[in-house]
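These notes concern the structure reproduced below.
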Amino acid sequence: MKIDRLIGILSVLLQEEKTTAPELAERFEVSKRTINRDIEDLCKAGIPIRTTQGTGGGISIMDGYRMDRTILTSKDMQMILAGLRSLDSVSGSSYYGQLMEKIQAGSSEFITGRDSILIDLSSWYRDSLAPKIETIQDAIGDRHLIKFRYYAPSGESERTVEPYYLVFRWSSWYLWGWCLKRKDYRLFKLNRMDKVRGTDKAFECREASMPDLSNEKIFPGGIKVKALFDADQKWRLVEEFGTSCFTENDDGRLLFTADYTDIENLVTWIMTFGDKAELLEPQEAREKISNMVQKMTTFYKEAKHGGF
């Protein structure tokens with residue numbers, strides 16, 4: 001496409017001090033006449049391009065138009081590249097890799113030192129995440145509805161959504177969009193989305209504000225939790241809630257206090273500690289755990305007697 005070629009030519013001119021029409025023609029696989037017309041179009045668009053004839057001549061951008069590279073320090077460029085690499089880790093295309101090549105090609109002389117920050121956003125799910133992210137990005141850019149099957153604690157459902165933002169938060173990827181089924185904005189976890197597909201149906205963009213993703217908004221709490229943990233579980237409490245979430249009892253056990261969002265998540269979380277934790281409050285959750293343990297005990301006793 002012509003617009004892609006114009007952007008490519010401008011990128012080359014920004015990175016290189018000087019080039020020639022034959023070099024550009026070979027790079028973009030078009031004729032020299034086509035390159036000359038492209039240069040004229042760039043000039044009409046206000047790009048101050050200078051052409052000189054004869055030995056040592058060529059095509060270049062006037063010095064005053066170039067970015068003063070002293071604006072960005074070597075550390076600045078390392079941070080930009082680290083951010084691009086993190087996006088590339090979940091990308092299903094070569095876009096971010098090509099963008100990094102463009103930046104590095106024009107800045108290699110002042111990028112020094114080793115990479116100090118490495119971010120991989122793909123976790124264990126790159127193979128399944130990358131296609132979803134690419135489909136959603138395309139739909140956001142084209143303003144097209146997307147459809148998918150969603151698996152929630154309340155059950156499964158087919159959703160049609162106006163996509164507005166891809167969000168990485170709480171170690172997971174989410175989609176923020178207007179759900180036509182719920183008639184409201186919703187936050188969808190990508191790992192719970194299946195058969196994500198774009199549609200040809202465009203939508204009129206709403207005045208979608210940035211989603212409020214504060215913990216207080218998404219996880220309002222309200223359930224007062226108190227529990228005792230064995231001392232050897234301190235590392236996990238620190239990892240998940242910080243060092244101020246517990247106090248040490250005289251017997252060495254850890255008295256944990258916090259607010260939780262809902263009973264079901266609390267019960268599931270406590271059960272992951274096995275016999276290393278005892279939930280004290282709330283009483284409703286204690287009863288749920290007690291019932292679960294009794295059922296599990298019955299199940300495993302029957303399994304044993306059945307010869308499994």
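The values are calculated or read from the model by the stated rules, or taken from the named source; none is laboratory data. On a predicted model such as this, the values are computed, not experimentally measured, just so you know. Positions of Cβ are backbone-derived with ideal geometry, glycine not excepted, and every protein chain shown enters the neighbour counts.
Say whether the condition of being more than 20 Å from residue 3 (Cβ to Cβ) and in a helix (DSSP H, G or I) is met by at least one residue in region 50-57.
No, region 50-57 has no match at all.
Can you name every residue in region 220-237 that is surrounded by 13 or more Cβ atoms within 10 Å (Cβ to Cβ) and touching a helix residue (DSSP H, G or I) at 6+ places or on another chain (Cβ under 8 Å)?
Once the filter is applied, which keeps residues that are surrounded by 13 or more Cβ atoms within 10 Å (Cβ to Cβ) and touching a helix residue (DSSP H, G or I) at 6+ places or on another chain (Cβ under 8 Å), region 220-237 yields 223, 225, 227, 229, 230, 233, 237.
Could you say whether any residue in region 242-253 is outside the structural domain of residue 170 (by TED's automatic domain parsing) and within 27 Å of residue 297 (Cα to Cα)?
yes
Answer yes or no as to whether residue 288 is modelled with pLDDT under 90 and among the charged types (D, E, K, R).
No; evaluated as a whole, the condition is false for this residue.
Could you list all residues from region 154-169 that are over 20 Å from the mean Cα position of the chain (by Cα) and farther than 15 Å from residue 194 by Cα?
If the condition is that a residue be over 20 Å from the mean Cα position of the chain (by Cα) and farther than 15 Å from residue 194 by Cα, then 154 is the only one that fits.
Do you know which residues across region 229-268 are assigned to a strand (DSSP E or B) and of a type outside the set (A, V, I, L, M)?
229, 246, 247, 248, 256, 257, 259, 260
Could you check region 172-209 and list, in sequence order, the residues that are outside any strand (DSSP E or B), among the basic types (Lys, Arg) and surrounded by 12 or more Cβ atoms within 10 Å (Cβ to Cβ)?
Let us first name the residues in region 172-209 that are outside any strand (DSSP E or B), namely 180-183, 190-192, 203-209.
Now narrow it down to the ones that are among the basic types (Lys, Arg): 181-183, 192, 206.
181, 192, listed by residue number.
So residue 149 fits all but one of (1) modelled with pLDDT under 90; (2) surrounded by fewer than 17 Cβ atoms within 10 Å (Cβ to Cβ); (3) in contact with an Asp or Glu (Cβ under 6 Å, 6 or more places away or on another chain); what number is the exception?
Going through (1) modelled with pLDDT under 90; (2) surrounded by fewer than 17 Cβ atoms within 10 Å (Cβ to Cβ); (3) in contact with an Asp or Glu (Cβ under 6 Å, 6 or more places away or on another chain) one by one, residue 149 breaks only (1).
Give the residues of region 132-153 that are within 13 Å of the chain's Cα centre (by Cα) and either of a type outside the set (A, V, I, L, M) or farther than 20 Å from residue 203 by Cβ (or both), sorted by residue number. Give the derivation first.
Keep residues of region 132-153 that are within 13 Å of the chain's Cα centre (by Cα), which gives 132-134, 136-137.
132, 134, 137 - these are the residues of region 132-153 that are within 13 Å of the chain's Cα centre (by Cα) and either of a type outside the set (A, V, I, L, M) or farther than 20 Å from residue 203 by Cβ (or both).
For residue 212, are the conditions met, namely being over 25 Å from the mean Cα position of the chain (by Cα) and part of a loop (DSSP other than H, G, I, E, B)?
no
What number of residues within region 152-171 are in contact with a helix residue (DSSP H, G or I) (Cβ under 8 Å, 6 or more places away or on another chain), more than 13 Å from residue 211 (Cβ to Cβ) and surrounded by 13 or more Cβ atoms within 10 Å (Cβ to Cβ)?
0
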